[in-house]
Amino acid sequence: MKNYLSFETDIKNLESELDKLKDPYNKEDGISEVNTSKITDTQNELNEKLKEIYSNLDPWQTTLVARHEDRPKSKYFIDNLFDDFIPLSGDRYYGEDKSVLAGFAKFDGNSVLVIGQEKGDNLESRIERNFGMMRPEGYRKTIRLMELANKFNIPIISFIDTPGAYPGVGAEERGQAEAIAKSIECCMKLTVPTISIVIGEGGSGGAIALASASRVVMLENAIYSVISPEGCATILWRDPKKMLDAAKAMKLSAKDLFDLKVIDEIITEPVGGAHRDKEKVLQNVSESIKKNLNYFRDMSSEQILEDRKSKFLKIGRGNGFMSDTTELSNLNKSDNNFQSIIFNLKNSKKFIFGFGITIVLAIAAIFYLL
């Protein structure tokens, strides 16, 4: 049974009509001839509708596509892109985290370390995988394996798909924040090529812990953000229903992030999302991995490290902030007095002068403490 999103009603109706036309037994009057011309017309109409809808997705609709339950998961890519995958378990401190798959494999005849955040395909596997939310032992396992790969000069490929790190009490007691920080530190110190591919959700520190890579790649309808749109809307406006405004403001789509140079490449998806043609997505991801690995093939360890360092130092140098709040459809002056004040202040000379004084005082305080 196919799963449809809230904005796919027309697509659902057309596909239902198409299925009926293709089935000669599904008629009220018994067996009848298949109307091939009608099938062709309906198929063309369906293709046009898919193009129309998916070429005009807003950021919230893109979020829904990224979360689609039929979307290909990390396990699918690992099983179909790599040979001789050997899964490795445990962090050697606490235990095994099943929300992340990790191990050594062969890609195009060469050894690679593969890491994949796995959400699961059905309710039972989703519970077992903790919906892709890693715990500290998961990050410590990946750190252990990344350091091992670095020792033997083996490239690292990671598939990012998580709503965020697990926020449970037990995870916090075992050092969730430290584990994420250590993972980011480890990624930045590696002297081997690292490629991170955001295939669905790239949520918060749970994603950046593994996505601090030489090359960060996103599928066309994936998202990558510091917090979920619902969480952002709840914090800023105390209204989770304003998730569209939050999604717009956070610039979480692949196109926005590519323009801001947060990511390095966008992998195109079939019209209608990756779940409609998994084989095509598999081929596109494979080509991207090959291209990026070839880029680093003749680089020395020092050059790889310097390339990653310069890449991250360049992020945020452009225009990453919204200058026009009218883009946010649900906001008005009564709802957003605080927002208006902030924008007015930023545009005033008093704000610039006050900000400058604050910086000067902060620098003076640092020198005094030294």
Problem set entry | Index of the failed condition, Ser301 passing every other in (1) among the hydroxyl-bearing types (Ser, Thr, Tyr); (2) under 24 Å from Leu190 (Cβ atoms); (3) surrounded by 15 or more Cβ atoms within 10 Å (Cβ to Cβ) | (3)
Exercise. Residues in segment 101-116: is at least one closer than 22 Å to Ala179 by Cβ, touching a residue at least 40 places away in the same chain (Cβ under 8 Å) and in a loop (DSSP other than H, G, I, E, B)?
Worked result: no
For this session: Confirm whether Gly138 is under 27 Å from Asn122 (Cβ atoms) and open to solvent by less than 60 Å² (accessible area, probe 1.4 Å).
Result: yes
Exercise. Of the residues that make up segment 38-50, is at least one at pLDDT below 95, closer than 22 Å to Ile157 by Cα and not aliphatic (A, V, I, L, M)?
Worked result: no
Problem set entry | Members of segment 50-59 found to be open to solvent by 40 Å² or more (accessible area, probe 1.4 Å) and either assigned to a helix (DSSP H, G or I) or hydrophobic (A, V, I, L, M, F, W, C) (or both), listed by number | Lys51, Glu52
Seminar exercise, completed: Out of (1) surrounded by 12 or more Cβ atoms within 10 Å (Cβ to Cβ); (2) modelled with pLDDT under 90, the one Thr9 does not meet is (1)
Problem set entry | Ser99 vs. criteria among the polar types (S, T, N, Q) and in contact with a Ser or Thr (Cβ under 8 Å, 6 or more places away or on another chain) | yes
For this session: Please work out if Phe296 is surrounded by fewer than 24 Cβ atoms within 10 Å (Cβ to Cβ), under 20 Å from Pro155 (Cβ atoms) and of a type outside the set (A, V, I, L, M).
Result: yes
Seminar exercise, completed: Exception for Leu81 within (1) more than 22 Å from Gly164 (Cβ to Cβ); (2) open to solvent by less than 10 Å² (accessible area, probe 1.4 Å); (3) in contact (Cβ under 8 Å) with a residue 60 or more places away in the chain; (4) not hydroxyl-bearing (Ser, Thr, Tyr) falls at (2)
Seminar exercise, completed: In the set Leu113, Leu123, Leu101, the lone residue that is closer than 21 Å to Val198 by Cβ and open to solvent by 10 Å² or more (accessible area, probe 1.4 Å) is Leu101
Problem set entry | Number of the exception - Phe159 against (1) of a type in the set (A, V, I, L, M, F, W, C); (2) modelled with pLDDT of 95 or more; (3) farther than 15 Å from Gly132 by Cβ | (3)
Problem set entry | Checking Leu219 against (1) open to solvent by less than 10 Å² (accessible area, probe 1.4 Å); (2) under 16 Å from Thr142 (Cβ atoms), the condition it does not meet | (2)
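Conditions (1) within 14 Å of Val285 (Cα to Cα); (2) surrounded by 22 or more Cβ atoms within 10 Å (Cβ to Cβ), marked per residue:
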{"position": "Gln61", "(1), (2)": "no, no"}
{"position": "Ala66", "(1), (2)": "no, yes"}
{"position": "Glu69", "(1), (2)": "no, no"}
{"position": "Lys73", "(1), (2)": "yes, yes"}
{"position": "Phe85", "(1), (2)": "no, no"}
{"position": "Ala105", "(1), (2)": "no, no"}
{"position": "Gly109", "(1), (2)": "no, no"}
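The values are calculated or read from the model by the stated rules, or taken from the named source; none is laboratory data. What you are looking at is a predicted structure, and each value in this text was computed from that prediction instead of being measured. Neighbour counts run over all protein chains shown; Cβ positions are idealised from the backbone, glycine included. Note: areas computed on protein heavy atoms with side chains; ligands, DNA, RNA excluded. Shrake-Rupley method; radii C 1.70, N 1.55, O 1.52, S 1.80 Å.
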